[in-house]
Amino acid sequence: MSLLPVDEAVALILADAAPGPVEQVALEAAHGRVLAADLAATRTQPPFAASAMDGYAVRAADLACLPAELTVIGAAPAGGAHAGTVGPGEAVRIFTGAPVPDGADAILIQENTEPAGPGRVRALFSVEAGRHIRRAGVDFTAGSVELTAGTRLDFRALSLAAAMTHGTLPVVRRPVVAILATGDELVPPGSPVGPNQIVASNHVGIAALVERAGGVALDLGIARDDRAAIAERIRHARAAGADVIVTLGGASVGDHDLVKPVLEAEGCALGFWKIAMRPGKPLMFGRIGDTRVLGLPGNPVSSLVTGLLFLTPLVRALAGGPKAPVADRAAVLGGEIAANDSRRDYLRATLSRDDADRLVATPLTRQDSSLLSVLARADALLVREVAAPAARAGDPCRVIPFD
C-alpha cells in the first residue's frame with residue numbers, strides 16, 4: 001500500500017464524522033460541552049428598568065439649575081422597590097439593580113450629591129434623562145435565541161445560559177475513546193521496571209488529547225504481544241460502547257507487530273495503513289462495524305503527533321465541534337533548515353516574537369521520534385511540505401501551536 005498524503009488521510013477520517021446523540025446535562029456539568037440545539041431565553045433581562053448605579057432616582061428636569069435640593073421620599077434597595085411615584089423636587093434613594101420608580105427618568109450617582117438636612121439631598125451635578133438606567137430587555141428578551149447549536153460552552157456561554165434560567169442544557173454526548181497500549185516491553189507508570197522494559201507513556205498523552213477535544217478516555221491498559229490478549233481488549237472496548245478504539249504500537253511490519261492482523265481478524269475494514277509523514281508513518285484507520293479504529297505508532301513522539309493531527313479532529317467532530325483539520329498559522333523561520341524529502345515533516349519548534357512582532361518558529365536541534373523531553377520543550381510543530389526546498393531565517397513557514 002502506497003503512502004497516503006496527510007490531508008487525504010484527515011479527509012478520510014472526517015468524511016462521515018458527525019455529532020453523536022443528544023443528552024441533557026446539568027448546567028454545572030456542561031463546561032466544555034457542545035450545545036446540541038438553539039437555546040432561547042425564558043425571561044427578559046432585566047425584566048424592568050433598573051438602576052446601573054448607587055445613588056438617587058430623579059427627574060432630570062429638576063436638576064437644570066444647580067445646586068438643586070430634593071426631598072428623599074423613599075428607598076429602593078436591590079431586591080426591593082419603591083412603590084410610589086417620583087414627583088417634582090423629589091428623589092428616591094436607589095441601589096444598583098433595583099427597579100427605577102415611576103416618574104424618575106435618571107439616576108444621580110451618589111458621588112455627585114451631599115446631604116442637605118434630614119430627608120433632603122443636594123445635587124451637585126446635573127444629569128441627562130436616561131443616564132445610568134438599564135432599560136428592560138437591554139440584555140435579552142424572553143424567547144430570543146441567545147446561544148446557537150454548535151456553541152462550545154465556556155464560562156461566558158454558561159453564565160448566559162444561567163441568566164436565561166436554564167438549569168439543564170441539551171448537549172452532544174461526549175464520544176468514548178478506548179485506548180489500548182500493546183507490547184511485552186511496557187509497564188505502567190510507577191511500576192517496577194525490568195532490565196528489558198520501558199515505562200508506558202503514550203496512553204497518558206493520548207488520553208489528555210481526547211479529553212481536550214471533548215471526548216471521554218477509556219483506558220484499556222497494556223496488552224502483551226499476544227493475539228488473543230489484544231483481541232480480548234478490542235472486544236471489551238466494543239462491548240463498553242467505544243466510539244473510537246485507539247491502539248498504540250504494534251502497527252508496523254515486525255514479527256511482533258500484531259495489531260493489524262488482529263484487527264482484520266476481528267472484522268476491521270482498513271481504510272489506510274501508512275501515511276506520508278514524519279514522524280508517524282505507520283498509522284492505521286478503519287472500522288469494526290460502527291466503531292472507528294485508529295492505530296497510532298509506538299514511538300512516543302510519533303504517537304502524540306499523530307494523535308494531535310488525526311485523533312483530535314475526529315473526536316472534536318464526534319463531540320459536535322467543527323469538522324476540520326487541526327489549524328495551523330503563519331510564522332517565519334528562526335534559523336536555517338534543510339530541504340525536505342517525500343514525506344511531510346512535522347518538526348518540533350519553539351515560538352517567539354521578533355522586533356516586528358512576527359511569530360518566529362525555531363526548530364529544536366534534536367528531532368528523534370523517541371525524545372519526549374524535546375517535545376515537552378517545544379511550543380509547536382513546524383510543518384515542512386513534501387519536497388520543500390532549503391530555507392533560511394526569516395523565510396515564511398506554517399506552524400501548529402500546541403496551545
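Laid out as a table, the results:
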item: Residue within segment 360-380 that is open to solvent by 30 Å² or more (accessible area, probe 1.4 Å), part of a loop (DSSP other than H, G, I, E, B), farther than 29 Å from L153 by Cα and touching a Leu at 6+ places or on another chain (Cβ under 8 Å) present; result: yes
item: Residues within segment 334-359 that are under 22 Å from L248 (Cα atoms) and either exposed (fewer than 12 other Cβ atoms within 10 Å of the Cβ) or without any contact (Cβ under 8 Å) to a residue 60 or more places away in the chain (or both), tallied; result: 2
item: Residue within segment 323-331 that is in a strand (DSSP E or B), without any contact (Cβ under 8 Å) to a residue 60 or more places away in the chain and open to solvent by less than 50 Å² (accessible area, probe 1.4 Å) present; result: no
item: Segment 163-172, residues that are open to solvent by 70 Å² or more (accessible area, probe 1.4 Å) and not in a strand (DSSP E or B); result: T165
item: Among the candidates T165, T141, T148, residue that is closer than 28 Å to A317 by Cβ and within 33 Å of the chain's Cα centre (by Cα); result: T148
item: Candidates A142, A83, A149, A129, filtered to the one that is modelled with pLDDT under 95, outside any helix (DSSP H, G or I) and either open to solvent by 30 Å² or more (accessible area, probe 1.4 Å) or in contact with a helix residue (DSSP H, G or I) (Cβ under 7 Å, 6 or more places away or on another chain) (or both); result: A83
item: Residue satisfying condition, being in contact (Cβ under 8 Å) with a residue 40 or more places away in the chain and surrounded by fewer than 23 Cβ atoms within 10 Å (Cβ to Cβ), within set G249, G194, G221; result: G221
item: Of all residues making up segment 257-298, the number that are in contact with a helix residue (DSSP H, G or I) (Cβ under 9 Å, 6 or more places away or on another chain), in a loop (DSSP other than H, G, I, E, B) and closer than 24 Å to E185 by Cβ; result: 7
item: Residue in segment 61-77 that is in contact with a Ser or Thr (Cβ under 7 Å, 6 or more places away or on another chain) and at pLDDT 95 or above present; result: yes
item: Subset of segment 219-256 that is part of a loop (DSSP other than H, G, I, E, B) and either at pLDDT 95 or above or hydroxyl-bearing (S, T, Y) (or both) - its residue that is nearest to the chain's Cα centre (by Cα); result: D243
item: Tabulated pairs, segment 385-403, first at negative phi, second open to solvent by 70 Å² or more (accessible area, probe 1.4 Å) and among the polar types (S, T, N, Q), C-beta under 7 angstrom, 6+ apart or interchain; result: V386/S342
item: Flag if A78 is surrounded by fewer than 15 Cβ atoms within 10 Å (Cβ to Cβ) and without any contact (Cβ under 8 Å) to a residue 24 or more places away in the chain; result: yes
item: Test set (1) in contact with a Pro (Cβ under 8 Å, 6 or more places away or on another chain); (2) outside any strand (DSSP E or B); (3) surrounded by fewer than 19 Cβ atoms within 10 Å (Cβ to Cβ); (4) not small (G, A, S) - R122 fails condition number; result: (2)
item: Residues of segment 197-218 that turn out to be assigned to a loop (DSSP other than H, G, I, E, B), open to solvent by 30 Å² or more (accessible area, probe 1.4 Å) and either under 22 Å from A317 (Cβ atoms) or of a type in the set (S, T, Y) (or both), as a count; result: 1
item: Flag if T71 is outside any strand (DSSP E or B) and surrounded by fewer than 16 Cβ atoms within 10 Å (Cβ to Cβ); result: no
item: Which listed residue, of D368, D357, is modelled with pLDDT under 95, charged (D, E, K, R) and either within 26 Å of E8 (Cα to Cα) or more than 24 Å from the chain's Cα centre (by Cα) (or both); result: D368
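The values are calculated or read from the model by the stated rules, or taken from the named source; none is laboratory data. Here the structure is a predicted model, which is why all the values come from computation and not from measurement. Heads up, the Cβs are rebuilt from the backbone with ideal geometry, glycines too, and the neighbour counts pull from every protein chain shown. To get the accessible areas, we keep the full protein, side chains included, count just its heavy atoms, and leave off ligands, DNA and RNA. Shrake-Rupley method; radii C 1.70, N 1.55, O 1.52, S 1.80 Å.
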